[in-house]
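Have a look at the structure below before the remarks.
The values are calculated or read from the model by the stated rules, or taken from the named source; none is laboratory data. If you're wondering where the values come from, they're calculated on a predicted model, not measured in any experiment. All Cβ positions, glycine included, derive from the backbone under ideal geometry; neighbour counts span all protein chains shown.
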Amino acid sequence: MPMFKLNNDLLIELGLDALPTDEKNKMLNHIYDTLEMRVGVRLANQMSDAQLDEFEGFIDKNDQDGALKWLETNFPNYKDVVADELDKLKAEIKQLAPQILANSPPVNSAAPLPPPPQPSV
């Protein structure tokens, strides 16, 4: 069970609920990837070489359950790191929300684009 949900409620909180659906999905994926990277870097900086090797073994095998159990055992505060990094990321995105919205296509741009001009033969 996740500690937080990356969904439309989060985008509403960040002021990005006006994004088109496709852009919302891209933003949620970006948030997830960025959060995963930041948490990983912070935790890796606290790990010994042996711990890092052990943890990477779970990642290399794509064993998420094993990785989570390992984190809970070796870094019981990892959820605090996740929450801290999520709060930082949310603050950054809230500041950028007007820019993000300005650079996104309008919501009603779902109409297909006209075909590009064809070269004359």
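From the list G40, G15, the one residue that fits, being closer than 20 Å to P98 by Cα, of a type in the set (G, A, S) and over 12 Å from the mean Cα position of the chain (by Cα), is G15. From the list E36, E92, E56, the one residue that fits, being among the acidic types (D, E), under 24 Å from P20 (Cβ atoms), free of Cβ contacts under 8 Å to residues at least 12 places away in the same chain and out of contact with any Phe, Trp or Tyr (no Cβ under 8 Å at 6 or more places or on another chain), is E92. A count restricted to region 55-93 and to residues that are part of a helix (DSSP H, G or I), exposed (fewer than 14 other Cβ atoms within 10 Å of the Cβ) and not hydrophobic (A, V, I, L, M, F, W, C) stands at 12.
Report yes if L6 is surrounded by 12 or more Cβ atoms within 10 Å (Cβ to Cβ), under 16 Å from the mean Cα position of the chain (by Cα) and at pLDDT below 90, otherwise no. Criteria met by L6.
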